[in-house]
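Visitor: Take this structure, written in structure tokens, and hold onto it; I'll ask about it next.
The values are calculated or read from the model by the stated rules, or taken from the named source; none is laboratory data. Keep in mind the model is a prediction, meaning the values are calculated, not measured. As a convention, Cβ positions derive from the backbone with ideal geometry for all residues, glycine included, and neighbour counts pool all protein chains shown.
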Amino acid sequence: MSLRRSGDSSGAAALPDAIADHALLRRAPPALLPFIQLARLDRPIGWWLLLLPCWESSALASVALREGPNFWHLTLFFIGAVVMRGAGSTYNDYVDREIDAKVERTRLRPLASGRVTPRAALAFVVAQCLVGLAVLLSFNGLTIALGLISPLIVLIYPFAKRFTSWPQAILGSAFAYGALLGWTAQTDALGAPALFLYAAAVTWTIGFDTIYALQDMRDDAIVGVRSTARLFGPRVRLAVGTLYALSVTSAAFAVFLAGGGWLSYLGVAAYAAHLAWQTAQTGEQVAPATALRLFRSNRDAGLLLFAGFFAQSATFLF
């Protein structure tokens, strides 16, 4: 697989799943480029997928409370998602640096290629976590307590692919965590709608990360890395479709229990349509570029669901 060049004066290579000619890669000082890549700032889809369950839950809580959107919370979740996605990605690359060096798609990552030392990467993890902690401390006590649990899941994830074919489930439990925090930040309680929305986000994450893992099936088989993509094999379309159907059903139950109106259900319907479109294009032999495109499209799927909840909560402003 050939790598694109970022186009900046340093000649830094853009990684295969990064956005070509990303502004940060073109304009940042050369010394910062490896850290931008470690934090996945050149691949914003990661923080979008971490952020969207937070936003969806916050907006749905506003619907349940018959209040307008909480823009302060939405802003805090944005900052937290960007830095904690960066911290999690850096830690994941630290743990996987030897495996990454053997996989075509990941061999030029900063740690795998030796452009960043393990010690510098760990220091970068700590710095990002401190920013995330400052964001978390801006919320109520229940949200803080729940938020302090989530890093434990993140610590397990990089090792999961070594002992289970379901590492995507562990990733899902971590990435979906915002579906709990958005709700508790608004209500100071953990309600049934939040639990159903969490289930929706977990099954959604397993589905889209299975699609993502289709890119690496050949290399994963060689180095012994497990994944749901390899587990499902020729039944991957059926499996992803089932996971997405569970996600849509859980989201609909969350809306029902929150007392959502027709705009909320419209968001669920749009979300369902997008996931059905993804499923139709998914298959064991899908081209890596197609798998990456489908994976990235989940930003739009999540935004459709959030838009329905946000629009419903916005009606209470008038």
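Visitor: For region 8-27: of the residues being over 20 Å from the mean Cα position of the chain (by Cα) and crowded, with 20+ Cβ neighbours inside 10 Å, which is modelled with the lowest pLDDT?
Guide: Among those that are over 20 Å from the mean Cα position of the chain (by Cα) and crowded, with 20+ Cβ neighbours inside 10 Å, it is Ala12.
Visitor: If you don't mind, another one. Output the number of the condition that Thr203 fails; it satisfies all remaining conditions of (1) in contact (Cβ under 8 Å) with a residue 24 or more places away in the chain; (2) touching a Cys at 6+ places or on another chain (Cβ under 8 Å).
Guide: With respect to (1) in contact (Cβ under 8 Å) with a residue 24 or more places away in the chain; (2) touching a Cys at 6+ places or on another chain (Cβ under 8 Å), Thr203 is out only on (2).
Visitor: Sticking with this structure for a sec: Can you tell me which residue within region 281-292, out of those that are touching a residue at least 24 places away in the same chain (Cβ under 8 Å) and assigned to a helix (DSSP H, G or I), is surrounded by the fewest Cβ atoms within 10 Å (Cβ to Cβ)?
Guide: Pro288
Visitor: Is one or more of the residues making up region 207-229 in contact with a Phe, Trp or Tyr (Cβ under 6 Å, 6 or more places away or on another chain), modelled with pLDDT of 90 or more and not aromatic (Phe, Trp, Tyr)?
Guide: Yes - at least one qualifying residue is present in region 207-229.
Visitor: Same structure again: Take Tyr157 and tell me if it is touching a residue at least 40 places away in the same chain (Cβ under 8 Å) and buried (at least 24 other Cβ atoms within 10 Å of the Cβ).
Guide: It is false that Tyr157 is touching a residue at least 40 places away in the same chain (Cβ under 8 Å) and buried (at least 24 other Cβ atoms within 10 Å of the Cβ).
Visitor: Could you check how many residues of region 43-65 are outside any helix (DSSP H, G or I) and under 22 Å from Pro193 (Cβ atoms)? Give the steps one after another, and end with the answer.
Guide: Of the residues in region 43-65, the ones outside any helix (DSSP H, G or I) are 43-44.
Now restrict to residues that are under 22 Å from Pro193 (Cβ atoms): none.
So the answer is 0.
Visitor: Out of region 198-234, which residues are surrounded by fewer than 21 Cβ atoms within 10 Å (Cβ to Cβ) and not in a helix (DSSP H, G or I)?
Guide: Across region 198-234, the qualifying residues are Gly224, Val225, Arg226.
Visitor: Quick check on my filter: what residues within region 295-318 are among the aliphatic types (A, V, I, L, M) and modelled with pLDDT of 95 or more?
Guide: Quick first cut of region 295-318, residues among the aliphatic types (A, V, I, L, M) only: 301, 303-305, 307, 311, 314, 317.
Across region 295-318, the qualifying residues are Ala301, Leu303, Leu304, Leu305, Ala307, Ala311, Ala314.
Visitor: Only one residue in Thr184, Thr228 is of a type in the set (S, T, N, Q) and in contact with a Leu (Cβ under 7 Å, 6 or more places away or on another chain). Which one?
Guide: When all the criteria are applied, what remains is Thr184.
Visitor: Please list, ordered by residue number, the helices (runs of 4 or more DSSP H) wholly in region 66-154 having 2 or more residues that are free of Cβ contacts under 8 Å to residues at least 40 places away in the same chain and farther than 30 Å from Ala314 by Cα.
Guide: 97-100, 118-136
Visitor: Here's another thing I want to ask about it. Filter region 171-197 for residues that are under 15 Å from Ala252 (Cβ atoms) and either of a type in the set (Gly, Ala, Ser) or surrounded by fewer than 19 Cβ atoms within 10 Å (Cβ to Cβ) (or both) and give the result.
Guide: Ala179, Ala192, Ala194, Leu195 - these are the residues of region 171-197 that are under 15 Å from Ala252 (Cβ atoms) and either of a type in the set (Gly, Ala, Ser) or surrounded by fewer than 19 Cβ atoms within 10 Å (Cβ to Cβ) (or both).
Visitor: Of the conditions (1) modelled with pLDDT of 85 or more; (2) in contact with a helix residue (DSSP H, G or I) (Cβ under 7 Å, 6 or more places away or on another chain); (3) closer than 26 Å to Leu33 by Cβ, Gly114 clears all except one; give me its number.
Guide: Result: Gly114 fails condition (2) only.
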